[in-house]
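The values are calculated or read from the model by the stated rules, or taken from the named source; none is laboratory data. This structure is a prediction, so every number in the text was calculated from the model and none was measured. Note that we place each Cβ from the backbone using ideal geometry, even for glycine, and neighbour counts take in every protein chain shown. Protein only, heavy atoms only, side chains kept; ligands, DNA and RNA dropped before computing areas. Shrake-Rupley method; radii C 1.70, N 1.55, O 1.52, S 1.80 Å.
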Amino acid sequence: MTDALRLALHPPTAADTHALLAFELDNRAHFETWVTARSPSYYSADAIAAMIEQAQREREQDQSYQFLAKLDGQIVGRVNLTAVTRPYFNKAQLGYRIGAQFGGRGYASRLVALLLEQAFGPLELWRLEATVRLPNLASAKVLQRNGFHQYGMSGQAMYFDGAWCDLLYFERRKQQDLT
């Protein structure tokens, strides 16, 4: 079995506070090359604990679902479903990140596959959407490997790191059982 097949998703709990803080600190510079930088105040045990409590409240209220990706107990990434919209649409926005030292091993693809099982299974979502900045073609490939299809592009839609960036939009719907 490859390492990626041993990945497991876990909702964050208070017991994850220090490991999650260490993961975020270790990967801060790496993540900030792809997403907007978090406030310096985010990088403290108190802030991480508050974030975990907020994630638990949002889960209970069916607003968002955050998961830690762990390999043999070690956090290697994070994945979340935000902007859960019910009823009628039953959709959410997918986001994920893998630690710098864990890239290139298939973890991101496996992480998204595991999340799809949750989203289209117990969470009963119908559609997931994801947005990728144009330079991040590796992320687009992860989505495509997991059955996402690009449905649009916005030119110069996001101001990031001193420049306007193009965005790619992806979607994946639950597969209907035709039997």
Distant-in-sequence amide H partners of ASP166 (H built 1.01 Å from N, under 5 Å): LEU134, GLN156, ALA157
From phi via Karplus (6.51, -1.76, 1.60), per-residue ³J(HN,Hα) for the range 66-83 in Hz, x at Gly/Pro: 10, 9, 9, 9, 10, 10, 6, x, 8, 6, 10, x, 9, 9, 8, 10, 10, 6
Mean-position separation - Cα centroids, the range 23-92 and the range 134-179, in angstrom: 19
Kirkwood Rh (inverse of mean 1/r, distinct Cα pairs), the range 98-153, angstrom: 12.3
Accessible area (Å², per residue) of the chain, counting only protein heavy atoms and a probe of 1.4 Å: 55
Theoretical FRET efficiency, 1/(1+(r/R0)^6), r = Cβ-Cβ of ARG145 and ALA29, R0 25 Å, to 0.05: 0.40
All-pairs Cα distance distribution in the chain, expressed in whole percent, bin size 5 Å: 1, 8, 15, 20, 21, 18, 12, 4, 1, 0, 0
Most mobile listed residue (LYS91, LYS70, LYS141) in the chain, GNM with C-alpha springs under 10 Å: LYS141
Label-point gap, in nm, between ALA83 and LEU123 - each point 7 angstrom along Cα→Cβ: 1.4
Heavy-atom accessible surface of the range 62-149: percent carbon and sulfur, 1.4 Å: 51
